[in-house]
Amino acid sequence: MRKIFLIFTCLFLCSADVIEWSFLQKDDTNAKIKAVYIYNFTRYFEWPSDKREGNFIISTVGSNAGLSTELQKLAEKKMVGNQKIELKSAATLADAGKCNIVYLLGDNSSLLKDAVTKYKGKGTLVICEKSGMAKAGAVINFIIDENKQTFELNTTSATKVGLKVSGNLKDLAKSVFN
């Protein structure tokens, strides 16, 4: 009996990496929600005319495989106005380059001051995901409130980077800083 169990266990473990166990894979719900938020943010800002030409570029500084996957799914199906969405993954802020949206993932929120300086007046939406970053200068800051993904908005920071905010976005934000 032990031999049969041992053989079965070995066969199962050997085949486990070949078979896709989708029921064991956990969806990154927050990544999906953030990707949809990011896409929808494009509708609530007035972008400078030079940002309405070419591809609409979203740069992420840092890594989040779940978010990258969800943004890629959106980029394949959606457009921002008549612009195709182009995704860039950057290890550093310098690598982010010219973009419409720069998202400082996780610990890269410490680069916020540099990002605000780099994109001042250039019409780039600066997004973070760490407590206190909207007050510190991020235009959008993702937060969890009552176990729900939501965001904070800093309208003064939006103006500094050259974006005009729709009043409707102010209504959707958990907190608005001026």
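Derivation of every value follows stated rules applied to the coordinates shown; laboratory data play no part. What you see is a predicted model; the values in this text were computed from it and never measured. Note that each Cβ is placed from the backbone with ideal geometry, even for glycine, and that neighbours are counted across all protein chains shown.
Students often get this wrong: which residues of the range 134-173 have the backbone nitrogen under 19 Å from the point 7 angstrom along Cα-to-C-beta of Lys98?
Within reach of a label on Lys98: 161-163.
Efficiency by 1/(1 + (r/R0)^6): what FRET value for Lys135 and Glu53, r their Cβ-Cβ distance, R0 = 45 Å, to the nearest 0.05? It would help to have the intermediate numbers written out before the result.
Working: r = 33 Å, r/R0 = 0.73.
According to the calculation, E is roughly 0.85.
Please give the peptides 99-107, 59-67 ranked by average Cβ packing (other Cβ atoms within 10 Å per residue), highest first, as a rough proxy for protection. List each step's numbers first, then the result.
On the way: 99-107: 21.9, 59-67: 18.2.
Per-residue mean Cβ counts within 10 Å order the peptides as 99-107, 59-67.
Net charge within 11 Å of Asn82 by Cβ-Cβ distance, Lys/Arg positive one each and Asp/Glu negative one each, not counting Asn82 itself?
Working: positive: Arg52, Lys84; negative: Glu53.
Once positives and negatives cancel, what remains is +1.
In terms of modelled amide H atoms, which long-range or inter-chain residues lie less than 5 Å from the amide H of Ile143?
So Ile143 has HN proximity to Thr150, Phe151, Glu152.
Less than 13 Å apart at the alpha-carbon level, and either on another chain or at least 8 residues along: which aspartates and glutamates does that give for Lys78?
Glu70, Glu86
Please label the shape of the range 33-178 as rounded, prolate or oblate, based on the square roots a ≥ b ≥ c of the eigenvalues of the alpha-carbon gyration tensor (a/c under 1.5 means rounded; beyond that, a/b larger than b/c means prolate, else oblate). Intermediate results must be reported in sequence, preceding the final value.
Details: a/c = 1.18, a/b = 1.12, b/c = 1.05.
Taking the square roots of the gyration eigenvalues as a ≥ b ≥ c, the range 33-178 is rounded.
Straight-line reach from Lys98: which lysines have a Cα under 16 Å away, not including same-chain ones fewer than 8 places off?
Result set, ordered by chain and number: Lys51, Lys84, Lys88, Lys118, Lys120, Lys122.
Taking R0 as 22 Å, what FRET efficiency do you get between Glu86 and Lys120 from their Cβ-Cβ distance, rounded to the nearest 0.05? Spell out each step's value before the answer.
Numbers: r = 23 Å, r/R0 = 1.03.
The computed FRET efficiency comes out at 0.45.
Which GluC sites (Glu not before Pro) does the range 86-167 hold that lie in a coil by DSSP with at most 14 other beta carbons within 10 Å? All intermediate terms of the calculation are to be shown ahead of the outcome.
Details: sites: Glu86, Glu129, Glu146, Glu152; in loops: Glu129, Glu146.
Passing both the DSSP loop test and the Cβ count: Glu146.
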